[in-house]
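Before I ask anything, here is the structure I am working with.
The values are calculated or read from the model by the stated rules, or taken from the named source; none is laboratory data. Note that the coordinates shown come from a computational prediction; the quantities given were computed from them, not determined experimentally. Here the Cβ is made from the backbone with ideal geometry for all residues, glycine too, and neighbour counts use every protein chain on show.
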């Protein structure tokens, strides 16, 4: 390993943006930020800006591979491929499926992590189980054949198969036992998210009171805001410092004005950019599958063949960051925060990723002035150049 300093126009730190200067990288980890040139090798990115590697905490697949393939090879392909999007840490995400299929999916992720990978790859910081504890009305692209009430017995089975890697699980708050399940899951160290639900605002708040802290792709797959029944969206917007709201900012799932409303209501610190990307990410238009459901990808969207509902996305995180800045609903600093520290904080992984700090793995992205991705670094090594 080597010691060098990065020279750039700006560095995005947790609470400030440093203009100019040098950032030390020593044996694969971040060192000090300096205003004067140090006596070591200089990696000159004059004209560019340095931000933490992106953290995608809701992503199903990429490069025609899906976590629900239940294959180590698919986990490897996704982990390697998303480096092209600036993502250096992520939560591989499952779908509603049978208990046995989810066990197998969790086991494949655990096996991949245990085996290790000599090819550069985004770091797996846990597993997100998106389903099956949802309800019918807002199921979206979740397979209704496998919907079920929340169960700690099932969660424990999946956690065992994952060898402790399950980090987050989603639940519809209208189930009678949802608050009790939430409290028990949180006590076990698992983050609880709320989504794919027709819950009332009060039902959602009951789960927030029990410890839930994330709303799954806000607006999408949930009861909307009404002046007499605020619904799930109302619960999300009115819990500014108690929960985080995911947003899919591809311009198809959520109108930019609506996305800005979430950011204004909750602040950018509690808004999390996600991709919800399915296997067609990084691939040409055509026919694909999301789990067991046929999907058509065309004109920037992925939709179920049966019914036309949006079926995840083909969004890249680097584009989500660019979009919210270009739409005028976030500054560059805010856009980067929502793709780095906010998702890390929301998913209780901020101790290992999401920010540039001395001693932290030197995972970072090099960005143009318009936030276009120039390069991705992992452990201080360049692993992708645009």
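Return the only residue of 53, 61 being closer than 22 Å to residue 146 by Cα and in contact (Cβ under 8 Å) with a residue 60 or more places away in the chain.
Of the residues listed, the single one that is closer than 22 Å to residue 146 by Cα and in contact (Cβ under 8 Å) with a residue 60 or more places away in the chain is 61.
Are any of the residues in segment 337-354 part of a loop (DSSP other than H, G, I, E, B), out of contact with any helix residue (DSSP H, G or I) (no Cβ under 9 Å at 6 or more places or on another chain) and closer than 25 Å to residue 142 by Cβ?
yes
Residues that are in the same structural domain as residue 337 (by TED's automatic domain parsing), more than 20 Å from residue 316 (Cα to Cα) and touching a residue at least 40 places away in the same chain (Cβ under 8 Å): list the helices (runs of 4 or more DSSP H) wholly contained in segment 192-278 that include at least 1 such residues. Outline the logic, then answer.
Details: elements: 201-209, 231-237, 256-266.
Once the helices (runs of 4 or more DSSP H) in segment 192-278 are filtered for at least 1 residues that are in the same structural domain as residue 337 (by TED's automatic domain parsing), more than 20 Å from residue 316 (Cα to Cα) and touching a residue at least 40 places away in the same chain (Cβ under 8 Å), what remains is 231-237, 256-266.
Restricting to segment 204-251, count the residues that are surrounded by fewer than 17 Cβ atoms within 10 Å (Cβ to Cβ) and out of contact with any helix residue (DSSP H, G or I) (no Cβ under 9 Å at 6 or more places or on another chain).
The number of residues fulfilling the criteria is 2.
Quick one: count up the residues across segment 5-44 that are in a loop (DSSP other than H, G, I, E, B) and within 19 Å of residue 354 (Cβ to Cβ).
First pass over segment 5-44, keeping only residues in a loop (DSSP other than H, G, I, E, B): 13-16, 20-21, 27-28, 35-40.
Filter once more, so that each one left must be within 19 Å of residue 354 (Cβ to Cβ): 13-16, 28.
Count: 5.
Same structure again: Could you list, in sequence order, all residues of segment 35-55 that are over 30 Å from residue 81 (Cα atoms) and surrounded by 13 or more Cβ atoms within 10 Å (Cβ to Cβ)?
Taking segment 35-55 as the starting set, the residues that turn out to be over 30 Å from residue 81 (Cα atoms) are 35-40.
Across segment 35-55, the qualifying residues are 38, 40.
Residue 132 passes all but one of (1) out of contact with any strand residue (DSSP E or B) (no Cβ under 8 Å at 6 or more places or on another chain); (2) surrounded by 20 or more Cβ atoms within 10 Å (Cβ to Cβ); (3) on the phi > 0 side of the Ramachandran plot; which number fails?
Condition not satisfied by residue 132: (3).
Oh, and also: Which numbered condition trips up residue 351, out of (1) out of contact with any strand residue (DSSP E or B) (no Cβ under 6 Å at 6 or more places or on another chain); (2) crowded, with 16+ Cβ neighbours inside 10 Å; (3) farther than 23 Å from residue 259 by Cα?
Only one criterion in (1) out of contact with any strand residue (DSSP E or B) (no Cβ under 6 Å at 6 or more places or on another chain); (2) crowded, with 16+ Cβ neighbours inside 10 Å; (3) farther than 23 Å from residue 259 by Cα is unmet by residue 351, namely (2).
On to the next question. Pull up segment 283-315, narrow it to residues that are assigned to a loop (DSSP other than H, G, I, E, B) and exposed (fewer than 12 other Cβ atoms within 10 Å of the Cβ), then point me to the one that is modelled with the highest pLDDT.
First, the residues of segment 283-315 that are assigned to a loop (DSSP other than H, G, I, E, B): 283-285, 291-292, 299-300, 305-309, 311-312, 314-315.
Checking the rest, the ones that are also exposed (fewer than 12 other Cβ atoms within 10 Å of the Cβ) come to 284, 299, 306-308.
On the way: 284: 92, 299: 86, 306: 84, 307: 82, 308: 82.
Applying the filter and picking the extreme gives 284.
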